[in-house]
Structure formats: C-alpha cells, structure tokens
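Below: one structure, written as structure tokens.
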Amino acid sequence: MNIIGDILRPEPKILYLEPVFGCNYRCFFCIHGSGKRIEPVVLGPLLFEKLKTIVESVVHIHITGLGEPFLNPHLPDYLHYFRQTGKSYYINTNGSTIERRHIDLMTTSKSELSVSLDAGDRETYAMVRSGGNWDKVVSTIKKISAIRAERGAAYPLLYLSFNLNQLNLMSLEKIPALAHELGIDGVKFSWTSLPQTHGALSIFKTQAVVGEVLTRVDRQLRRFGIAVTNEAVFGEHVRGCWAFSPMAFVGANATIAACCSSWLAIGSLVENSFMDIWNGMPRRKLALGVLNAKPEEGCSHCRQIRGVNTKEDEDGFFRPADYETKILAEKSKTIGRLPSLAGMDEEFRAGVEALAGRQTYRAVNIFSALEAKFPDFFEIKNNLAAAHFYLGNFEKCKEMLCKIKKIPHNEKIVEANRMVLSRQGR
C-alpha cells in the first residue's frame, strides 16, 4: 500500500507534458519571440521512464508547453507508449515539423491535434507566425486529413486554433472555407495580448466589431458542421484555478508544477519521485494560499485565479480584474476562509513525515491535535483518516471521511479514499 499515493491525496487525472522547451518559430506574442535566444530543452527517455507510473494512472495527457512538441526526436516513442496503454492525448502544435511516422501513430491512437494557425491566409500568417511556412503547414494538415479519411480512422480529431489580435482579425472571414477544405473538426478562438507597437491603429474599437466578425464566421463554420469554441473571447466568466483540479504539469527539464504556470515549480523529478512532489508541502502551500485569499507570490499575479474577464474596460472588453473577484466570492459562500498556515506548518510537516515513516501512533497524535485547532482544514482530517487506516481503526477512518464530506469541494478526495477502504473489504 502506497500511503502517499493511495490515501493522502488522489493522484492527478490529467497530465500536462512539455516535450520541448524551445521552438522553431519566433512569434511576437510568445517567449521565444522576445529576441532572447533560448537554448532548447528536450524531455528525454530517462525522464519519461520516471513518468510511466503516473502516465498509467491518469486518464488523459495534454502535450503542450512553451515549445513545439514535434521537435522532440523521442516523441514517436512516447506516442507509441500512450497508444499501448490506451491513453488519450491532445497535442498543441504549429504544425511545421509533423512527419509521416507521427501521423501513423496519431491515426491509430485516441488523439487530438490542434494546429495554431492564427490566420486565414498566407499574407496574414507571415505577419503573425514569424518564421513559419504557410504552405508547408497547410499541406501537412491536408495530408493528415487525407490519410485519416483513406483509413477510415476516427483520429486524430483535427482542430485549428486562432489567437485573435489586431493583425489577424479581418482574415478570419476566410477561415470557414479553409477549415472545410482541410477537413477540420473544430476551430478554437482566444485572445492574444499584443505589444504596444501593434495597437496604435487598433481595429478593436468596440467589442461589437469583433462580435460581428466572429458571429459571421461562427455561423459559416457551423453550417459546414465544424464545431466552434469561442467562450474565451467574450462573456463574463470565471475560469477558476488548476490548484483545485486533479492536474499536474511536467516540464521538459524535469520540473513539476501544480498548475498551468509551468514556471511555478513545486519540485524536480531529478531529486524526488512524482508522488512525493505531488503531496509535498510546496504544493499544499500554493493551494492553501489560494483558498485563504493569501496567494503565494507566483499565484498572486496569475490571471487564472484573479477571475478572468470580470470587469469591462474602456474599449468594451472584459479584462483580468483584481484578485478579490468572483472566484473567491463564490467559494466563500460555501467554503469560507480556511486557517492560515501560520503556526501550523512545522506540525503539519511533522505529521506528514510521521505518516510516510510509518510512525502511525505519532501521526495520530499530531493530526488529532491539529484537527482540534483547525476543524475546517480538510487535509488534516484526511491525513488523520490515513493514520487510523494504517492502525486498522477502520471505523475511525470512515468517521473522519464523513467529516471531510461535510466540507464543500472535497467529494473527490472522499470518494478516492473510500475506494481504498473498499479494496480492504471495509
């Protein structure tokens, strides 16, 4: 029985994997287009070998990151492994370096391929995708679509993605015909933040201008039977934070992040196992900081947890607002403020170490004392349940899980731990 993996915290269900940190394009809106030369980092076989255990436990792999995935020479081996283990995966790419061996693997796997085209014609593409080759990318998409049709394959599902900006808006009218010609299944729209130099003659004067264009494009795409995703463009909504979802990010340099901010590291696979990092104190501090409305430095500037698109600016668009917005307001209605880590950090760490070292009676004493001080902190109850479990006190374990269930947003943790109990016939 693996105490860290089975009872302390459910394993992640979605794995974000960065095969390469580096790109062959120099797009103005990307870190690789900043003018600084960044030495590429490739996720190698030895690191991937360490990830196999967690890959087998997740339900989906999202292949993305700050780089072009197909630049990794080992990617075919990884895709082959995903196929062998029956895992579905999604790849985000600029589409410039896809080879026939990649296509053969994707057509025989549960795969999705999203190509960041960001333009409706060759001329616009040259402005937006610096270093790109329109003809090569379009030809590759056609080839994938043709091979898929020839084989009668359902995969890969093909998407085009468009980051809207002042340079590419008017070319969007050409997307429906292009997507239909290429055999695309869906089109995704989102925003690109432009440098000031690109905004002087902005055509984004009002939200209505963009709305009119997208409405026409949306209507034509759907007429062709092509799905459209544009929720990220308009509307007042809260996206939430990955700290509350079962997702983990693995960088090409072996860094583990607890969310989509790949630079917000919580550990390295060079030094520790994945599950030790996943259940470690750095990740707990990040999550607890968000829930406390006292986020760590890396979180406090994140658009994702500030409640994206909650205030309208002078141009008529919904931009990122202050941190104290809907996401916390909504959660506070049910979850309230959790206790601060102040005065609890050392005790909590000692309890975790006692559990990991199978000093179970000591762990019970530590977490029992903490539970009396911080009755609304579900992690304490969860670890106390684990300690009772290893002592064979199954009724006390169930009792603690029932208490956790009464605290909102913890149903998945309770469900996972009850499955552990059920496997013991309890």
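If the requirement is being without any contact (Cβ under 8 Å) to a residue 60 or more places away in the chain, assigned to a loop (DSSP other than H, G, I, E, B) and either in contact with a Pro (Cβ under 7 Å, 6 or more places away or on another chain) or open to solvent by less than 20 Å² (accessible area, probe 1.4 Å) (or both), which of these qualifies: Gly95, Gly86?
Gly95
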query: Do we have any residue at all in the range 35-47 that's among the aliphatic types (A, V, I, L, M), assigned to a loop (DSSP other than H, G, I, E, B) and surrounded by fewer than 18 Cβ atoms within 10 Å (Cβ to Cβ)?
result: yes
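How many residues does the range 164-179 contain that are open to solvent by 70 Å² or more (accessible area, probe 1.4 Å) and either among the hydrophobic types (A, V, I, L, M, F, W, C) or within 29 Å of the chain's Cα centre (by Cα) (or both)?
Summing the residues that are open to solvent by 70 Å² or more (accessible area, probe 1.4 Å) and either among the hydrophobic types (A, V, I, L, M, F, W, C) or within 29 Å of the chain's Cα centre (by Cα) (or both) in the range 164-179 gives 1.
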task: Please state which one of Ser145, Ser111, Ser116 is of a type in the set (S, T, N, Q) and farther than 20 Å from Pro19 by Cβ.
output: Ser145
query: Of the residues in the range 48-77, how many are in contact with a Leu (Cβ under 6 Å, 6 or more places away or on another chain), open to solvent by 40 Å² or more (accessible area, probe 1.4 Å) and assigned to a loop (DSSP other than H, G, I, E, B)?
result: 0
- prompt: Any idea which of Ser190, Ser109, Ser145, Ser161 is farther than 28 Å from Arg216 by Cα, surrounded by fewer than 21 Cβ atoms within 10 Å (Cβ to Cβ) and in contact (Cβ under 8 Å) with a residue 12 or more places away in the chain?
  reply: Ser109
- request: Could you grab me the full set of residues in the range 119-142 that are assigned to a loop (DSSP other than H, G, I, E, B) and open to solvent by 40 Å² or more (accessible area, probe 1.4 Å)?
  value: Ser130, Gly131, Asn133
- prompt: Name the residues in the range 15-40 that are modelled with pLDDT of 85 or more and closer than 18 Å to Thr255 by Cα, would you?
  reply: Leu15, Tyr16, Leu17, Glu18, Pro19, Val20, Phe21, Gly22
message: If I filter the range 352-369 down to residues being assigned to a helix (DSSP H, G or I), open to solvent by 20 Å² or more (accessible area, probe 1.4 Å) and at pLDDT below 80, which single residue comes out as nearest to Lys381 (Cα to Cα)?
response: Val352
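The values are calculated or read from the model by the stated rules, or taken from the named source; none is laboratory data. Source: prediction; values computed, not measured. Every residue, glycine among them, receives a Cβ derived from its backbone with ideal geometry; neighbour counts consider all protein chains shown. Remember, those area values only see protein heavy atoms, side chains included, never the ligands or the DNA or RNA. Shrake-Rupley method; radii C 1.70, N 1.55, O 1.52, S 1.80 Å.
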